Amino acid sequence: MAILTKSNNKTPLGIYIHVPFCRSKCQYCDFYSLSSKDDKLMDGYLNAICAHIKEAGALAPAYKVDTVYFGGGTPSFFGAEGMATILTYIRRSFDVDNNAEITFEANPDSVTDKLLKRLRAEGFNRVSLGIQTDDDEVLRKLGRPHTFANAVTAYHRIRKAGFRNVSVDLMYGLPGQTLRAWRETLEHVLTLNPEHISCYGLKVEEGTPLYEYRDYAKLPDDDAQADMYLAAIEMLKAYGYRQYEISNFARKGLYSKHNMKYWTGGEYLGFGPSASSDFAGKRFTLCRSVQEYISGIKNQDQIIDEVQEIPLRERAGEYLMLRLRTFNGINTEDYERNFLLPFAPLEDILEKNRDFGYAVRTEDGRWHLTPKGFLLSNTIISDLLLAQDKSAPLKRL
Amino acid sequence: MTELSHIRNFSIIAHIDHGKSTLADRLLEECNAVDNRGQETQILDSMDLEKERGITIKATAATLRYQADDGEIYDLNLIDTPGHVDFNYEVSRSLAACEGAVLVVDASQGVEAQTLANTFLATDAGLEVLPVVNKIDLPSARPAEVKAEIEDIICIPAEDAPEISAKNGINIRSVLEMIVKGVPAPEGDRNAPLQALIFDSQYDSYRGVIVYTRIKQGTVRPGMDIKMMATGATYKVVEVGYMSPKGLQPKDALGAGEVGYITASIKTVSDTQVGDTITSIENPAAEPLPGYRPVQPMVYSGVYPADGAKYQDMRDALEKLKLNDASFVYEPESSIALGFGFRCGFLGLLHMEIIQERLEREYNLDLITTAPNVVYRITKNDGETIMVDNPLDYPDPMEIQLAEEPYVKVNLMAPQEYVGNIMDLATSRRGEFKDMVYLDANRVELHYDMPLNEIIYDFFDALKSRTRGYGSLDYELIGYRPSKLVKLDILLNGDVVDALSFILFAENAYPRARKICEKLKDNIPRAQFEIPIQAAIGGKIIARETIKAVRKDVLAKCYGGDITRKKKLLEKQKEGKKRMRTFGTVSVPSEAFMAVLKLDED
């Protein structure tokens with residue numbers, strides 16, 4: 001299919017690289033990652049993922065890669081050499097756009113000038129730095145191997161290395177955290193002036209160490225978390241950050257292009273253990289264990305855990321669930337045209353929510369949730385899904 | 001036919017969990033009536049529900065062929081009985097089919113409430129009661145003490161009671177020998193006009209109704225024209241026989257003293273009411289057997305499919321259940337809040353729960369049930385008298401000249417140390433004390449007249465908890481008495497939810513209204529907005545609670561790998577909403593309806 005290689009009509013594609021290695025495991029984390037430095041395993045992983053990328057690239061000539069995202073785990077802990085190799089394989093195997101957004105996640109403890117310099121030179125242009133909080137005591141309790149001072153240093157190194165698009169991850173609802181402490185965290189971080197900030201409410205996931213002692217962790221309750229969330233939105237707005245998704249804020253339109261794909265139904269391919277893809281109408285997840293992944297690639301065995309062909313009706317549900325996470329929201333034309341379902345039953349529910357100040361209809365006819373509505377998005381979306389279930393397909397457009 | 005001298009008709013009575021069903025299994029096994037291999041436990045309790053709850057709901061019977069130590073072969077007819085006050089009448093009919101009862105007492109627990117209640121039922125029916133001490137292989141067994149207890153409290157000789165373990169098959173033969181020696185042989189004249197007591201019946205889609213019967217007098221044969229003396233229904237007998245655990249075994253005839261079944265192409269169980277007497281048309285008996293009582297539902301409630309689309313499925317299911325249960329009635333009704341459903345009549349609350357559970361399990365229906373109520377008699381100003389079994393039909397108070405509610409005569413039995421507790425309970429339920437009788441040095445029987453309405457909710461449970469399980473209860477309807485009644489309405493977010501309305505005694509209205517509001521508050525999920533819950537009589541609000549608005553219900557993170565998982569989460573939340581009914585803007589889960597039914601639990 002070489003004829004198509006230089007075509008401009010290619011479908012955009014995101015690539016996600018899961019790097020399942022960390023210096024240590026955080027108490028709240030339920031992502032797949034290993035917390036020991038095992039050089040042999042890391043080499044095996046590197047070889048496997050590169051082979052996998054090469055193999056998959058041959059199947060996607062009609063796509064142009066416009067975002068690459070290295071997440072984890074801790075890509076910065078895995079090291080610059082490995083990441084550079086993987087990116088090289090991606091460039092060799094896929095058609096990567098010159099202006100592609102290429103992000104890697106980093107933790108303050110594994111960010112060195114050398115690493116940053118190397119990755120910047122390789123073409124990485126966005127960094128997502130996990131700071132989480134300015135409270136060293138809480139960082140220690142959560143099992144994070146750095147202090148806030150380390151984080152500030154790391155941030156300045158990133159800037160010095162020439163990265164002009166930096167995102168910072170923060171968490172609220174942390175053990176013992178007060179509204180006032182959270183505001184202070186935000187103020188401290190805002191002095192760094194990042195382009196992008198993600199604020200996540202701590203969620204206690206089953207199977208994590210935190211889950212075991214959650215009752216003694218002095219976690220703020222739902223109402224307190226709600227107050228923190230609303231406070232963050234207000235503060236960030238005052239500092240010029242636009243909330244473009246439930247937990248994400250950006251300046252100057254510098255939202256995460258890669259993450260937006262998840263919420264707007266874009267296609268993406270995931271590589272590495274436990275990575276997920278939404279590609280050519282199918283959603284699939286790779287096996288969770290790195291050993292299984294390595295041997296699967298080596299022996300040409302099964303590495304996919306679960307494949308789902310998503311029918312249109314389900315896509316319609318995903319549209320509601322994902323789009324309503326964003327400030328773009330949903331609209332009649334998109335919905336009816338793409339899914340052949342009536343928008344009116346949804347509009348009834350949205351109007352009710354508007355009366356409570358949870359939803360807004362924009363002048364150009366889009367519906368999106370308000371900050372208070374975001375807080376209740378599960379309730380609202382499940383109401384919409386129920387109404388959607390009951391509606392019969394449109395007979396004509 | 002088996003010689004009268006070689007027949008023994010008996011039932012097994014016990015407190016729950018003392019091993020009644022296990023013993024029945026062992027007896028059947030010992031007589032080789034059951035194949036040991038691949039055997040499920042508890043053969044007689046055939047419904048799943050019975051096995052699970054450990055109670056017998058429907059009576060069943062089996063004939064055991066036993067070769068005794070004297071070398072003779074006996075027919076031992078085991079008739080299993082239900083064990084709850086709702087089914088007291090059914091129990092009495094099953095016992096009337098027997099001459100003796102094996103009383104199972106747990107060797108470590110000793111005599112308990114049901115042991116007593118059931119023993120009294122059996123002795124009242126003139127049965128020989130033969131005690132057995134079970135579970136003697138448990139380390140905590142104290143057979144000698146338990147035997148003394150049986151003699152002291154129940155006043156029956158227990159010195160020679162077999163000490164057995166039904167579970168491990170120890171001394172089972174001694175129970176069979178005891179039955180042969182201790183249960184009197186039946187009496188009766190096989191040439192007399194037929195009198196056959198119906199103690200149960202069951203619908204079979206091939207044969208029609210199978211009537212389980214004890215022949216008291218005369219003989220019944222295939223081809224005979226028979227008549228049910230109370231219902232007047234007539235049929236021609238197709239088959240008679242006895243019940244083996246392997247199935248029905250046909251015989252040429254069933255004669256006086258025998259227990260067996262009759263089929264006669266009977267289409268509906270309501271023709272074969274428990275307690276009715278079957279006689280021959282050609283040579284009829286002069287009188288029916290004593291003790292028959294037509295079934296009369298005591299408690300009514302609205303039963304609705306949680307998913308409105310399942311109405312037709314529910315109708316089919318009710319029809320099928322009715323085939324097997326003459327004591328249950330239903331008719332269609334509709335509610336603004338719940339849509340289309342059925343008004344159902346039950347013998348009591350347990351009966352109601354059983355029917356509901358069977359509908360949910362065997363027919364895979366989700367149900368919403370409204371508060372149970374009794375049948376009120378209302379005389380209007382224009383002189384018309386109406387029977388109200390549904391709060392929706394309750395007339396405007398201005399139109400009512402006289403409101404009456406059904407009363408029952410209640411017999412309460414317990415060891416005397418609980419008399420104070422029982423009196424407090426009965427008084428708080430508007431009981432009118434009649435008298436108190438000492439049954440022996442320790443046991444007391446109290447008599448009350450009480451509104452039936454006070455008993456149907458949770459009286460039995462309350463009695464059990466106030467007497468540490470030793471109290472037992474029996475009641476019968478004695479008629480209607482004038483009462484001060486009101487209809488209580490529940491409003492959610494300002495709208496009346498008709499399905500939550502109910503009729504009650506005026507003076508109970510305030511505390512009950514408060515409790516209902518509290519229960520609803522606990523059971524209705526917080527919504528995006530504040531929900532007031534109010535209870536009102538007429539237009540007057542008498543209780544109020546508020547459900548605070550929920551503020552946070554969000555998935556903070558949702559990226560590539562999470563989408564499938566989070567989708568499932570939202571799907572689950574959506575499915576949960578399907579089980580809720582929306583009233584105006586408020587969603588109410590079916591659990592909330594159930595919760596208001598159990599107000600006095602805490």
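Key figures for this structure:
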item	result
Lys, Arg +1 and Asp, Glu -1 on Cβ, resulting dipole of segment A:12-263 about Cα centre, debye, nearest 20	1020 debye
Amide H contacts of B:LEU130 (H built 1.01 Å from N, under 5 Å, at least 5 apart or other chain)	B:ALA101, B:VAL102, B:LEU103
Shielding by partners, peptide A:366-378 (average Cβ within 10 angstrom, other chains)	3
Hydrodynamic radius of the protein assembly as shown per Kirkwood, over alpha carbon pairs, in Å	34.3 Å
Per-residue average of Cβ from other chains inside 10 Å of B:567-578	5
Computed [θ] at 222 nm, deg cm²/dmol, chain A (DSSP H ≥ 4; -39,500 (n - 2.57); rounded to nearest 500)	-12500 deg cm²/dmol
Neighbour-count order for A:ARG361, B:ARG512, fewest beta carbons within 10 angstrom listed first	A:ARG361, B:ARG512
Amide H contacts of B:GLU239 (H built 1.01 Å from N, under 5 Å, at least 5 apart or other chain)	B:THR263
Cys with no candidate disulfide partner in chain A (beta-carbon separation under 4.7 Å rule)	A:CYS22, A:CYS50, A:CYS199, A:CYS287
Rel. contact order, % - alpha carbon contacts under 8 angstrom, at least six apart, chain B	10 percent
Residue order, fewest to most surrounding Cβ atoms within 10 angstrom, among A:VAL168, A:VAL127	A:VAL168, A:VAL127
Extension gain from A:ASN98 to A:ARG251, taking 0.36 nm per residue of separation minus the Cα-Cα distance	52.8 nm
Average other protein chain Cβ within 10 Å of Cβ, residues A:381-394	3
Subset of B:LYS320/B:LYS578; A:LYS372/B:LYS577; A:LYS203/A:LYS261; A:LYS117/A:LYS257; A:LYS64/A:LYS395 violating a 28 Å alpha-carbon distance limit	A:LYS64/A:LYS395
Convex hull volume per residue for segment A:312-389, taking Cα atoms only, in Å³	76 Å³
Average Cα contact separation per residue, segment A:312-389, under 8 Å, 6 or more apart, as relative contact order %	34 percent
Distant alpha-carbon pairs in segment B:387-442 (separation over 17 angstrom), percent	56 percent
Ranking of B:THR279, B:THR81, A:THR208, B:THR385 by count of other Cβ atoms within 10 Å, fewest first	B:THR385, A:THR208, B:THR279, B:THR81
Computed over chain A, the ratio Rg/Rh where both radii use C-alpha atoms and Rh is Kirkwood	0.96
Segment B:142-226: chymotrypsin sites (Phe, Trp or Tyr not before Pro) in DSSP loop, at most 12 other beta carbons within 10 Å	B:TYR206
13 Å beta-carbon shell around A:GLY201, net charge (K/R +1, D/E -1)	-3
Zone of A:THR153's modelled label, taken as backbone nitrogen in segment A:113-141 under 19 Å from a point 7 Å along Cα→Cβ	A:113-118, A:129-141
Value of [θ]222 nm, deg cm²/dmol, for chain B, DSSP H segments ≥ 4, -39500 (n - 2.57) each, nearest 500	-7000 deg cm²/dmol
Highest-first arrangement of B:495-503, B:319-327, B:297-305, where packing means the average Cβ count within 10 Å	B:297-305, B:495-503, B:319-327
Cβ-derived FRET efficiency at R0 60 Å, A:LYS141 paired with B:GLU159, nearest 0.05	0.25
Residue among A:GLY82, A:GLY266, A:GLY176 with the largest mean-square fluctuation in a Gaussian network model of chain A, springs linking Cα atoms under 10 Å	A:GLY176
From phi via Karplus (6.51, -1.76, 1.60), per-residue ³J(HN,Hα) for segment A:236-241 in Hz, x at Gly/Pro	5, 4, 4, 8, x, 9
Cα-centred dipole magnitude for segment A:294-350, charges only on beta-carbon of K, R (+1) and D, E (-1), debye, nearest 20	160 debye
Centre separation in Å (Cα based) which lies between segment B:157-223 and segment B:289-359	32 Å
Gaussian network model of chain A, Cα within-10 Å springs - most flexible of A:GLY123, A:GLY240, A:GLY272	A:GLY240
DSSP-assigned coil residues among GluC sites (Glu not before Pro) in segment A:256-365, each with at most 13 further Cβ atoms within 10 Å	A:GLU363
P(r) of segment B:224-320 over all Cα-Cα pairs, binned every 5 Å from zero, in whole percent	2, 10, 15, 18, 16, 11, 10, 9, 6, 2, 1
Relative contact order [Cα under 8 Å, 6+ residues apart], segment A:12-263, whole percent	18 percent
Set of aspartates and glutamates with alpha-carbon distance to B:LYS251 below 15 Å, sequence-local pairs under 8 removed	B:GLU3, B:ASP75, B:GLU239
DSSP bridge orientation in the protein assembly as shown - percent antiparallel, rounded to nearest 5	70 percent
Karplus-derived 3J(HN,Hα), 6.51/-1.76/1.60, for each residue of segment A:177-182, Hz, glycine and proline x	6, 10, 4, 5, 4, 5
P(r) tail fraction, chain B - alpha-carbon pairs more than 47 Å apart, %	22 percent
Positive-end residue, the protein assembly as shown charge dipole about Cα centroid, Cβ charges, pick of B:PHE346, A:ALA154, B:ALA536	A:ALA154
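The numbers here are math on the coordinates, done by the rules we state, and not lab data. Computed from a prediction, not measured in an experiment: that's the story for all the values here. All Cβ positions, glycine included, derive from the backbone under ideal geometry; neighbour counts span all protein chains shown.
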